[in-house]
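Below is one structure, written out as structure tokens; comments come after it.
The values are calculated or read from the model by the stated rules, or taken from the named source; none is laboratory data. Bear in mind that the values here come from a model prediction, so they are computed numbers and not experimental data. As a convention, Cβ positions derive from the backbone with ideal geometry for all residues, glycine included, and neighbour counts pool all protein chains shown. With ligands, DNA and RNA removed, areas are computed over all heavy atoms of the protein, side chains included. Shrake-Rupley method; radii C 1.70, N 1.55, O 1.52, S 1.80 Å.
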Amino acid sequence: MVATGYKVFNIMSVGTLPKFVSNPDPSIYMRGRYVVVDLETTLLDNGWAGNLNNSLVIAAWKCSWATLPKYSWGNEFHQEALLEDISLADFVVAQGNKFEYGWFNRFGIKLESVLGYDTLLGHYVLAGNRAWKLDLDSLADFYGVGAPKNKLAKRSMKCGICPSQWPKGLVQNYCLGDVLTTEAVFLKQRQILDQEGLLPVVYHRCLFTPVLAELEHRGMCLDAPALKDEYVKQRYRQAELENELKTITGGINISSTKQLGKFLYEDMQFTPLKDRFNRIITTKSGKLPTNEKTITTLKATNKAQRRFLKLYTEAKKISSAFSKFLTPGMNSLESGGMLYAQFSQTTARTHRLASTKRRSNTFHSIQLQNPPRIYKPLFRARQDGWKVVEVDFAGAEFASAGILTNDPQIKADIADPNFDIHTFSANTKFNLNLTSFSKGSCSSENRQDAKEQTFAPMYRDRPDLDWDVEFRSRYSQLDKVQRKWAETVLRTKQLTAPWGLKFYWPDCEVLRNGSIKYVRNIYNYLVQGFATAEWTPIAAVCLWHRLKSVGSNAFLVNTQHDSVVSEVPNTELEQFDQIVQQSFTKDLDTVLKNLYNITLTIPTSIEVTARTNWKGARCKVCSQEFNPLTNHECRGVINGIN
């Protein structure tokens, strides 16, 4: 055991996983003891437990081993009876239980010890990719357990009247009513999910929820000096662009659709866009569109048009950067430079994680799920002597496609250290006539430029594009299996993933051009969903639990589609790396096998990077990593690569 100056942890150990993670048993939801919980709180930031000015008003719960529900008034320090019942249960049921997990943390409950069941997630899993309503009233109607709705309480909540100001009888009945309705929904829902083979999917989603609840409370820390420098730099550049655009346009008001339309289509002579039936695209009022998406899609045929589009696109990007990142970031510096996000497990049709700004007047917030790479260096570890460590699954979706389609060529290419898929892609794009496809066989610039197209054929079927033909010819098994997916959807209007999740396309048909409607989604949902909605969350769950079990000071701060971001003391980097290797490889294999009976026939490959700031960039020419917000001095040819 070693003392780190924070907590004491065991350097030699990679920790352990609780049994409900290492040996998942979704049938516990059918036979186990449960407690259904609902909490009413004050309404700052929608009652989020991360706002310490919020307080608990009342807790209500119902035990599976009891006939009547219980309730308790008072804050988190007065909930001994609830804590006792939770300790006796196999799992805790709630509607939208990420909210409850935040409060459980304030109760002093160790989140890693609680298995949850979320009726909201259960309904989302049952819906697949269908846009079903997920609020409790809608669920009650769907499952035919509609309890009488307390209209006064609903109106009070909708108007923002704090439950602490309601008559006691009203808030008590409202809270108890939600508990009973949630239990009734759960009992009906679990039967259907079991019949549909979907309990393992729900189980997995519920394992991930407490991790997200903690991430929302952690937030990410900004590098104040770097942010201030970038803010000033972009303000100057924004002013330059405005002046250049004013000169080119003759000083028109770009916000005026009438003036902008005349400039684009009369003065600049841009050709209007057409739809797939060769009809000119217009607005509902019959005018040529002038929105940003249309303008950036216009084809430039002369120098003046190219100049305008370049300036316009850059100006829009900078404007977006200010509204979505730079301005919220600067505002946050007055209160410590922390930015927070809200994670959603029920937004994406592929079922991968999404993120939004937290609606708050107290906490500064941005969307943290996929911020522009160029701004990642503006985040840093919040303590000196710590690193921001990012763990990425390398080539996750390509490996996912190989596993799902059992393509032998994908397996061989991933296993071959002398084959680089991006070099193979560059060979086709730039007609290089290469005989070897190792990473050093073409210039770094060509390889980088080809990356954008490399995996596109996995999600489309374009026989008119050379790279698509080349890709699908090389990976013929993938092509064959994906076509079967599309044919299955055309015939049955649905597709079941190997892990049990079902996707639905009720109006799938053959289009005039002979292609199958929704073919991009059909190809995409399974490949992307397996890699980013199944692998990454499972790995994050295992990493989170193992860090807790060894008493590490390190903690997770973000997760993206195929990566997990943490802050780690320098003294624990070696330990952290060992735990990562365990969590992202062996644990992932074990949980996938035990939960879904899926074997990863292609070993997962991960990249671990540790920096003071979140991320740098890599030069296309010399491959050197650098901070993209600073001037990079290129070192030229490296290892024979131009």
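Assorted remarks:
- Top-ranked residue of region 272-284 - restricted to ones that are over 15 Å from Ser256 (Cβ atoms) and of a type in the set (S, T, N, Q), ranked as least open to solvent (accessible area, probe 1.4 Å): Thr282
- Given (1) out of contact with any strand residue (DSSP E or B) (no Cβ under 8 Å at 6 or more places or on another chain); (2) open to solvent by less than 50 Å² (accessible area, probe 1.4 Å); (3) in a loop (DSSP other than H, G, I, E, B); (4) touching a residue at least 40 places away in the same chain (Cβ under 8 Å), number of the condition Phe325 does not satisfy: (3)
Residue-wise test of (1) under 26 Å from Val591 (Cβ atoms); (2) in a loop (DSSP other than H, G, I, E, B).
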residue: Asp464; (1), (2): no, yes
residue: Arg472; (1), (2): no, no
residue: Gly500; (1), (2): yes, yes
residue: Asn513; (1), (2): no, yes
residue: Arg520; (1), (2): no, no
residue: Asn524; (1), (2): yes, no
residue: Gln528; (1), (2): yes, no
residue: Glu534; (1), (2): yes, no
residue: Ala540; (1), (2): yes, no
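- Residue list for region 474-498, filter: in a helix (DSSP H, G or I) and either open to solvent by 50 Å² or more (accessible area, probe 1.4 Å) or farther than 22 Å from Pro408 by Cα (or both): Arg474, Ser476, Gln477, Lys480, Arg483, Lys484, Glu487, Thr488, Val489, Leu490, Arg491, Thr492
- Which numbered condition Thr350 misses (of (1) open to solvent by 20 Å² or more (accessible area, probe 1.4 Å); (2) not in a helix (DSSP H, G or I)): (1)
- Scan of region 107-135 for residues that are in contact with a strand residue (DSSP E or B) (Cβ under 8 Å, 6 or more places away or on another chain) and more than 14 Å from Leu207 (Cα to Cα), ordered by number: Gly128, Asn129, Arg130
- If only residues of region 573-589 that are surrounded by 24 or more Cβ atoms within 10 Å (Cβ to Cβ) and among the polar types (S, T, N, Q) are counted, the one that is farthest from Val388 (Cα to Cα) is Ser583.
- Failed item, numbered, when Tyr340 is tested on (1) closer than 16 Å to Cys221 by Cα; (2) open to solvent by 50 Å² or more (accessible area, probe 1.4 Å); (3) not β-branched (Val, Ile, Thr): (2)
- Residue satisfying all of: in region 591-610; free of Cβ contacts under 8 Å to residues at least 60 places away in the same chain and not in a helix (DSSP H, G or I); farthest from Tyr203 (Cα to Cα) among these: Pro603
- Selection of first residues in region 79-92 that are touching a residue at least 24 places away in the same chain (Cβ under 8 Å) and of a type in the set (Asp, Glu) and of second residues that are open to solvent by less than 20 Å² (accessible area, probe 1.4 Å) and part of a strand (DSSP E or B), restricted to Cβ pairs under 8 Å at least 6 apart or on distinct chains, gives the following pairs, ordered by first then second residue: Asp85/Val35; Asp85/Trp61; Asp85/Cys63; Asp90/Tyr34.
- Boolean, Trp48 is farther than 26 Å from Ser549 by Cβ, open to solvent by less than 30 Å² (accessible area, probe 1.4 Å) and either touching a Cys at 6+ places or on another chain (Cβ under 8 Å) or modelled with pLDDT of 95 or more (or both): no
- Count - residues of region 53-107 that are closer than 21 Å to Trp166 by Cα, of a type in the set (Ser, Thr, Tyr) and open to solvent by less than 60 Å² (accessible area, probe 1.4 Å): 2
- Extreme residue, nearest to Ser113 (Cα to Cα), among residues of region 219-253 that are of a type in the set (A, V, I, L, M, F, W, C) and open to solvent by 50 Å² or more (accessible area, probe 1.4 Å): Val232
- Close contacts from region 12-27, counting a first residue that is on the phi > 0 side of the Ramachandran plot and a second that is modelled with pLDDT of 95 or more and assigned to a helix (DSSP H, G or I), with Cβ to Cβ under 6 Å and a gap of 6+ residues or different chains, come to Gly15/Arg546; Gly15/Ser549; Gly15/Val550.
- Helices (runs of 4 or more DSSP H) within region 136-218 that include 1 or more residues among the polar types (S, T, N, Q) and crowded, with 17+ Cβ neighbours inside 10 Å: 151-158, 168-195, 199-218
- Qualifying positions in region 285-314 - closer than 20 Å to Glu242 by Cβ and either open to solvent by less than 40 Å² (accessible area, probe 1.4 Å) or of a type in the set (Val, Ile, Thr) (or both): Thr290, Ile295, Thr296, Gln305, Phe308, Leu309, Leu311, Tyr312, Thr313
- Residue within region 553-572 that is at negative phi, part of a helix (DSSP H, G or I) and open to solvent by less than 10 Å² (accessible area, probe 1.4 Å) present: yes
- Selection status of Ala456, open to solvent by less than 70 Å² (accessible area, probe 1.4 Å), at pLDDT 95 or above and under 30 Å from His422 (Cα atoms): no
- Filtered residue count, region 359-391, keeping only those that are assigned to a loop (DSSP other than H, G, I, E, B), closer than 22 Å to Gly47 by Cα and of a type outside the set (Val, Ile, Thr): 7
- Any hit, region 271-282, residues being more than 30 Å from Asn513 (Cα to Cα) and either over 30 Å from the mean Cα position of the chain (by Cα) or hydrophobic (A, V, I, L, M, F, W, C) (or both): no
- Complete set of residues in region 169-192 that are within 22 Å of Ser55 (Cα to Cα) and without any contact (Cβ under 8 Å) to a residue 12 or more places away in the chain: Gly169
- Condition met for Ala131 (open to solvent by 40 Å² or more (accessible area, probe 1.4 Å), of a type in the set (A, V, I, L, M, F, W, C) and closer than 19 Å to Phe343 by Cα): yes
- Leading residue by the ranking (nearest to Ser323 (Cα to Cα)) among those in region 371-385 that are touching a strand residue (DSSP E or B) at 6+ places or on another chain (Cβ under 6 Å) and open to solvent by 10 Å² or more (accessible area, probe 1.4 Å): Arg380
- Selection status of Glu509, of a type in the set (D, E, K, R) and open to solvent by 20 Å² or more (accessible area, probe 1.4 Å): yes
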